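Take a look at the structure set out below.
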Amino acid sequence: MTRTRVAVIGVGHLGRHHARLLAAMPEVELVAVVDTRPGRADEIAAQHDTTALTDAAGLVGRVDAVTIATPTVSHVAVALPFVEAGAAVLVEKPIAISLDEADRLVEAAAARGTVLAVGHTERFNPAVVAGLPLVSAPRFIEIHRLGTFPDRSLDIDVIFDLMIHDLDVLLTVVGGDVVSVEAVGVNVLTRRVDIANARLRFACGCIANVTASRISRDRVRKARFFQRDSYVSIDYAAQEVEAYRIIAPSAPAGRPSEVSGGEELDGGQHDGRPLILGGAVAVASDEPLRRELSDFIEAVRTGREPGVTGRDGRAALALATRVAELL
């Protein structure tokens with residue numbers, strides 16, 4: 001089959017990995033990489049035997065798709081010419097600098113009928129893919145995303161840099177309306193908010209407590225989901241999942257395989273107490289970004305919706321904006 005012609009616009013910290021992974025896909029022709037910094041595009045292009053450009057304008061009409069990993073403020077300005085020319089676009093999160101700009105991009109893609117994907121990579125994390133099907137009716141969710149001080153993304157608050165990943169996951173797994181939000185944030189090392197906590201109450205009654213920091217000593221990326229009769233823990237970084245289920249004394253325990261490995265935690269000595277079954281869930285380790293880009297290319301080639309649509313990206317931005325407005 002004809003290969004899909006793709007360009008990567010912005011080959012900094014994240015975009016260089018876009019180029020690496022796309023160049024390795026047999027169904028993709030990496031037409032060019034683009035970066036405004038002198039020498040950067042040349043460096044990445046040389047690694048993948050492609051063309052280096054400092055301006056994306058010349059690619060409009062010459063590619064089937066682009067991925068955009070430029071600073072957030074430029075997302076829509078870079079993406080719109082490609083959308084209007086009928087090319088598919090994957091733009092890194094957050095989708096745009098504001099909801100008005102996000103709406104412009106989403107509406108333009110809908111009007112033109114082009115694929116618009118947003119880079120919420122955690123949706124493609126194998127641990128998330130394995131763990132979320134075990135979450136059906138959470139009552140309380142605790143998420144920590146802590147990182148060391150970065151040398152990038154300092155133009156936006158930690159809410160839009162890190163927390164937005166988890167807000168997107170929450171909207172995916174809980175759904176429904178967020179009826180109330182409480183939040184606090186502190187700018188420590190920059191003029192932007194560097195650490196923030198948000199407490200969200202959903203219409204279904206679920207409460208989520210979310211913390212994001214880019215000034216921590218250790219890297220932590222974990223989510224815990226508490227349900228009436230079960231508990232699911234997802235470690236994004238280690239790509240590990242644990243799940244446990246409580247079986248009432250009067251209820252049949254069922255087959256162990258139905259409950260994440262079925263380990264009986266109390267050795268079978270129940271004495272009328274609930275039985276706890278569970279343990280590690282099998283996770284097929286993989287690079288989330290590779291999965292995300294593969295999903296995007298498949299969407300481009302088949303015409304189906306990508307795993308994370310422009311509407312999804314807009315919804316995550318709306319909730320992140322709501323949190324940020326309270327700080």
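The values are calculated or read from the model by the stated rules, or taken from the named source; none is laboratory data. This one's a predicted model, so the numbers in the text were calculated from it and none came from an experiment. With ideal geometry, Cβ positions are generated from the backbone for all residues, glycine too; neighbour counts draw on all protein chains shown.
Quick check: is even one residue across the range 95-118 among the charged types (D, E, K, R) and in a strand (DSSP E or B)?
no
Looking at Val11, Val63 in this structure, which one is in a loop (DSSP other than H, G, I, E, B) and in contact with an Asp or Glu (Cβ under 7 Å, 6 or more places away or on another chain)?
Residue meeting the stated conditions: Val11.
Take Leu162 and decide whether it is at pLDDT 95 or above, under 21 Å from Gly119 (Cβ atoms) and either within 15 Å of the chain's Cα centre (by Cα) or assigned by TED's automatic domain parsing to the domain that holds His144 (or both).
So Leu162 fails the test.
Is there a residue being out of contact with any helix residue (DSSP H, G or I) (no Cβ under 9 Å at 6 or more places or on another chain), among the β-branched types (Val, Ile, Thr), at pLDDT 95 or above and more than 30 Å from Ser180 (Cα to Cα) anywhere in the range 288-303?
yes
What's the number of the condition Asp194 fails, among (1) of a type in the set (Asp, Glu); (2) modelled with pLDDT under 95; (3) over 14 Å from Thr148 (Cα atoms)?
Of everything listed in (1) of a type in the set (Asp, Glu); (2) modelled with pLDDT under 95; (3) over 14 Å from Thr148 (Cα atoms), Asp194 misses just condition (3).
Find the residue count for the range 289-327, including only residues that are surrounded by fewer than 19 Cβ atoms within 10 Å (Cβ to Cβ) and more than 17 Å from Val66 (Cα to Cα).
Residues that pass the stated criteria total 8.
Inspect all residues belonging to the range 21-42 and state whether any of them is farther than 18 Å from Arg291 by Cα and hydroxyl-bearing (Ser, Thr, Tyr).
Within the range 21-42, one or more residues are farther than 18 Å from Arg291 by Cα and hydroxyl-bearing (Ser, Thr, Tyr).
Residues of the range 193-219 being among the basic types (Lys, Arg) and either under 19 Å from Arg123 (Cβ atoms) or buried (at least 19 other Cβ atoms within 10 Å of the Cβ) (or both), which ones?
Residue satisfying the conditions is Arg214 alone.
Quick one: count up the residues across the range 119-152 that are under 24 Å from Cys206 (Cβ atoms) and part of a strand (DSSP E or B).
Counting residues in the range 119-152 that are under 24 Å from Cys206 (Cβ atoms) and part of a strand (DSSP E or B) gives 7.
Being out of contact with any Cys (no Cβ under 9 Å at 6 or more places or on another chain), of a type in the set (S, T, N, Q) and within 18 Å of Arg301 (Cβ to Cβ) is true for just one of Thr114, Thr54. Which residue is that?
Thr114 is the lone residue from the list that is out of contact with any Cys (no Cβ under 9 Å at 6 or more places or on another chain), of a type in the set (S, T, N, Q) and within 18 Å of Arg301 (Cβ to Cβ).
Kindly indicate whether any position in the range 121-129 is over 21 Å from Ala315 (Cβ atoms) and under 19 Å from the mean Cα position of the chain (by Cα).
Yes, that holds for at least one residue.
Please tell me if Gly147 is outside the structural domain of Thr70 (by TED's automatic domain parsing), under 22 Å from Glu92 (Cβ atoms) and not aliphatic (A, V, I, L, M).
yes
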